[in-house]
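Q: Structure incoming, see below.
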Amino acid sequence: MNLLPLLVVFPMFMAIVLNFLHGKDKLIKYSSIALAIILMVLPFIPNYGFYFFGNHGLVETMTSGIAYLFNPAKQLILIVLTLISSLTLISSAGEKQSGLVTSLVLMGLASVTAVVLSEDLFNMYVFYEITAISQTGLLLSTGTENSYKSALRYLIMGNFAGSILLLGIGLLLSISGTLFIPEIHAQLLANPTNPVIYGGALMLIIGLCYGSGLPPFHTIKSEVYSGAKPFISAVLQTFSKFVLVALMLLLFKLFYGLPLFGNLQVLLIVISILGMVFGVVMALLQTDYRKLLSYHAISQGGYVAAGLALGTPLGFVAGVFHAINHVIYKSALFLGAHIVSNENKTSKLDKLGNLLPVMPFVAFMVLCAKLAISGVPPFNGFQSKLLLAEASINANLPELTIIMIVVSIGTFVSMMKAFYMIYLKPNGLKDIEELKKDYNNPMLKYPKFSLLILTILCIVLGIFPEIVTNTLYNSFDNFLSTL
């Protein structure tokens, strides 16, 4: 029995159901916690291999219908994706419940899952757009003037980028006669100098940059992260990073071996460097903690893209491993920001301070996540950044390694500055007793639990990276030879 559709159908179906429970706070709360547990089981159910849906098959030797590919690497990505989504649902139990918010998280989970699994371009495009819609909805659910403005800008840019992506898919369809990715690649290899290929590739890259927040869409994406509630930003940036991974691998599946591929790699590496540098420079200039974290999400996306753009087995492993590590420690940082700003209703660094005596364990967990994003051992960020440096050196790009190290130093400086401003700096507005009253909210136990799980993972994957890397090595060792 083919159970792979459950990974997409079940969260999408529950999104529809929970949307009708809006206003029933207690029921939504317990449903969210129950769903969080169930979701974690789903990636372990299907068998590996290609799956075709819609009662289609071969039409004039071409594959027709919806195609999914499920393998160990994709399973690993989906495990982390469902974990972050589940922890977001658990964290939302401490908020005033909204069936709409829970539904949008589930809809985003289903759509990103489909993007990761898809082996046909149109199905990938449909769920790419659903992902953008769910992200916009989650941003709007914050209910502030700033979130409304950011959502409008994101929708306007999405209308532009999504249309270009669809046009690029149409160009590739026009010269290949199929939407099945392996068959498109075969058709392109048979006619590699067709100028239409260049237009299709460029349009897919524009779609990639919008979906992942790479330049030139880095500013609007950072507004999405900073405009949403921090615990929602945790899942928003997770969606973006795994869309980035899926679309980067798509470019290799479509264009590897073509004459334009070398130039395509150079363009992707340049974009990734711009993402890294712009992100960390903007983060260093911020006085708002949410904006600081949001720009770092852009910067770390540049690391992921750089590793994948190298086009080597080690680069693929390092890029995907860093994407996994990033969504873990960045989600931890956003949850820490949620705990800090939940009662104070502010994320301005100059209005925070002296929280170490108030929440020492939270401060410790946040510090672990900050060290992880900075690439400090023994945390998971160190392991993936080390692999990225090794991959770039092996690809004869030591300059890329130097840029990564410099950006990591900037990340460390901005993160330690933020830690000092929030937890160590004297608070001129309130004394410790007042602060303890502010943060004496029993509902914060839910995001604290999620933060604890993520902190443990930062440490475990830092000490035992082979838990993830062994699976990725096995998956990407012969990836290019199969194209």
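The values are calculated or read from the model by the stated rules, or taken from the named source; none is laboratory data. None of these values were measured; they are calculated from a predicted model. Neighbour counts are summed over all protein chains in view; Cβ atoms, including those assigned to glycine, are modelled from backbone coordinates with ideal geometry. Heads up: the accessible areas ignore ligands, DNA and RNA and are worked out on the full protein's heavy atoms, side chains in. Shrake-Rupley method; radii C 1.70, N 1.55, O 1.52, S 1.80 Å.
Q: Given the criterion modelled with pLDDT of 95 or more and surrounded by fewer than 17 Cβ atoms within 10 Å (Cβ to Cβ), identify the matching residue among Ile456, Ile432. Spell out the reasoning first.
A: Values: Ile432 fails: modelled with pLDDT of 95 or more.
Matching residue, one of Ile456, Ile432: Ile456.
Q: Ile273 - would you say it is at pLDDT below 95, assigned to a helix (DSSP H, G or I) and of a type in the set (Val, Ile, Thr)? Don't jump to the end; show me each part of the working.
A: On the way: at pLDDT below 95: no; assigned to a helix (DSSP H, G or I): yes; of a type in the set (Val, Ile, Thr): yes.
No, not satisfied.
Q: Kindly state which helices (runs of 4 or more DSSP H) lie completely within segment 358-450 and contain at least 3 residues that are within 25 Å of Leu274 (Cβ to Cβ).
A: 360-373, 380-394, 398-419
Q: With assigned to a helix (DSSP H, G or I), of a type in the set (Gly, Ala, Ser) and more than 18 Å from the chain's Cα centre (by Cα) as the only criterion, which of Ser294, Ser341, Ser299 stands out? Spell out how you get there, then give the answer.
A: Details: Ser294 fails: more than 18 Å from the chain's Cα centre (by Cα); Ser299 fails: more than 18 Å from the chain's Cα centre (by Cα).
That would be Ser341, the only listed residue that is assigned to a helix (DSSP H, G or I), of a type in the set (Gly, Ala, Ser) and more than 18 Å from the chain's Cα centre (by Cα).
Q: Going by what's in this entry, would Ile467 be described as closer than 25 Å to Thr88 by Cα and either free of Cβ contacts under 8 Å to residues at least 12 places away in the same chain or out of contact with any helix residue (DSSP H, G or I) (no Cβ under 6 Å at 6 or more places or on another chain) (or both)? Show your work before the answer.
A: On the way: closer than 25 Å to Thr88 by Cα: yes; either free of Cβ contacts under 8 Å to residues at least 12 places away in the same chain or out of contact with any helix residue (DSSP H, G or I) (no Cβ under 6 Å at 6 or more places or on another chain) (or both): yes.
In short, yes.
Q: How about segment 1-37: which of its residues are open to solvent by 30 Å² or more (accessible area, probe 1.4 Å) and under 23 Å from the mean Cα position of the chain (by Cα)?
A: Within segment 1-37, Pro5, Leu6, Val9, Phe10, Met12, Phe13, Met14, Ile33, Ile37 qualify.
Q: In this structure, is Leu208 open to solvent by less than 40 Å² (accessible area, probe 1.4 Å), more than 16 Å from the chain's Cα centre (by Cα) and modelled with pLDDT of 90 or more?
A: Values: open to solvent by less than 40 Å² (accessible area, probe 1.4 Å): yes; more than 16 Å from the chain's Cα centre (by Cα): no; modelled with pLDDT of 90 or more: yes.
No: the conditions fail for Leu208.
Q: Let me ask something else about it. Has segment 255-269 got any residue that is over 23 Å from Phe419 (Cα atoms), buried (at least 24 other Cβ atoms within 10 Å of the Cβ) and out of contact with any Gly (no Cβ under 7 Å at 6 or more places or on another chain)? Even if it seems obvious, please write down each step before you answer.
A: The first filter runs over segment 255-269 and keeps only residues over 23 Å from Phe419 (Cα atoms), leaving 255-269.
Retained after the next criterion (residues that are buried (at least 24 other Cβ atoms within 10 Å of the Cβ)): 255.
Checking which are out of contact with any Gly (no Cβ under 7 Å at 6 or more places or on another chain) leaves us with 255.
Yes: one or more hits.
Q: Please determine whether any residue of segment 120-135 is β-branched (Val, Ile, Thr) and touching a helix residue (DSSP H, G or I) at 6+ places or on another chain (Cβ under 7 Å). Give the derivation first.
A: Looking only at segment 120-135, we keep the residues that are β-branched (Val, Ile, Thr), and these are 126, 130-131, 133.
From the residues that got through so far, the ones that are touching a helix residue (DSSP H, G or I) at 6+ places or on another chain (Cβ under 7 Å) too are 130-131.
Yes, that holds for at least one residue.
Q: Something else about it: Is it the case, given these coordinates, that Gly279 is under 17 Å from the mean Cα position of the chain (by Cα), open to solvent by less than 10 Å² (accessible area, probe 1.4 Å), at pLDDT below 95 and closer than 18 Å to Phe239 by Cβ?
A: On the way: under 17 Å from the mean Cα position of the chain (by Cα): yes; open to solvent by less than 10 Å² (accessible area, probe 1.4 Å): yes; at pLDDT below 95: yes; closer than 18 Å to Phe239 by Cβ: yes.
Spelling it out, Gly279 is indeed under 17 Å from the mean Cα position of the chain (by Cα), open to solvent by less than 10 Å² (accessible area, probe 1.4 Å), at pLDDT below 95 and closer than 18 Å to Phe239 by Cβ.
Q: Filter segment 156-171 down to the residues that are aliphatic (A, V, I, L, M) and open to solvent by less than 90 Å² (accessible area, probe 1.4 Å), then identify the one that is nearest to Asp288 (Cα to Cα). Outline the logic, then answer.
A: Filtering segment 156-171 down to residues aliphatic (A, V, I, L, M) leaves 156-157, 161, 164-167, 169, 171.
Checking which are open to solvent by less than 90 Å² (accessible area, probe 1.4 Å) leaves us with 157, 161, 164-166, 169, 171.
Values: Met157: 24, Ala161: 29, Ile164: 34, Leu165: 34, Leu166: 36, Ile169: 39, Leu171: 43 Å.
Looking at residues that are aliphatic (A, V, I, L, M) and open to solvent by less than 90 Å² (accessible area, probe 1.4 Å), I get Met157.
Q: Another one. Only residues that are out of contact with any Leu (no Cβ under 8 Å at 6 or more places or on another chain) and under 24 Å from Gly262 (Cα atoms): list them for segment 275-298, please.
A: Met276, Val277
Q: So which residues in segment 292-332 are open to solvent by less than 10 Å² (accessible area, probe 1.4 Å) and among the aromatic types (Phe, Trp, Tyr), if there are any at all?
A: Residues of segment 292-332 open to solvent by less than 10 Å² (accessible area, probe 1.4 Å): 292-294, 296-309, 315-332.
Selection gives Tyr303, Phe316, Phe321, Tyr329.
Q: Return the residues of segment 445-483 that are more than 30 Å from Val358 (Cβ to Cβ) and either touching an Asp or Glu at 6+ places or on another chain (Cβ under 9 Å) or aromatic (Phe, Trp, Tyr) (or both); say none if nothing qualifies.
A: Within segment 445-483, Phe464, Tyr473, Phe476, Phe479 qualify.
Q: I'd like to verify a number: residues in segment 116-132 that are in contact (Cβ under 8 Å) with a residue 24 or more places away in the chain and among the β-branched types (Val, Ile, Thr), how many?
A: Residues flagged as in contact (Cβ under 8 Å) with a residue 24 or more places away in the chain and among the β-branched types (Val, Ile, Thr) within segment 116-132 amount to 2.
Q: Can you find a residue that is in a helix (DSSP H, G or I) and of a type outside the set (Lys, Arg) anywhere in segment 345-353?
A: Keep residues of segment 345-353 that are in a helix (DSSP H, G or I), which gives 349-351.
Retained after the next criterion (residues that are of a type outside the set (Lys, Arg)): 349-350.
Scanning segment 345-353 turns up at least one residue that is in a helix (DSSP H, G or I) and of a type outside the set (Lys, Arg).
Q: Counting just the residues of segment 38-75 that are β-branched (Val, Ile, Thr) and at pLDDT below 90, which one comes out nearest to the chain's Cα centre (by Cα)?
A: Within segment 38-75, the subset β-branched (Val, Ile, Thr) is 38, 41, 45, 59, 61, 63, 66.
If we keep only those that are at pLDDT below 90 too, we end up with 59, 61, 63, 66.
Numbers: Val59: 36, Thr61: 36, Thr63: 30, Ile66: 24 Å.
So, considering only residues that are β-branched (Val, Ile, Thr) and at pLDDT below 90, the one nearest to the chain's Cα centre (by Cα) is Ile66.
Q: A follow-up question, please. I'd like to know if segment 107-115 contains one or more residues that are closer than 30 Å to Tyr51 by Cα, touching a residue at least 24 places away in the same chain (Cβ under 8 Å) and open to solvent by 10 Å² or more (accessible area, probe 1.4 Å).
A: Checked segment 107-115: at least one residue is closer than 30 Å to Tyr51 by Cα, touching a residue at least 24 places away in the same chain (Cβ under 8 Å) and open to solvent by 10 Å² or more (accessible area, probe 1.4 Å).
Q: Of the conditions (1) modelled with pLDDT under 90; (2) under 22 Å from Ser85 (Cα atoms); (3) not basic (Lys, Arg), Tyr295 clears all except one; give me its number.
A: With respect to (1) modelled with pLDDT under 90; (2) under 22 Å from Ser85 (Cα atoms); (3) not basic (Lys, Arg), Tyr295 is out only on (1).
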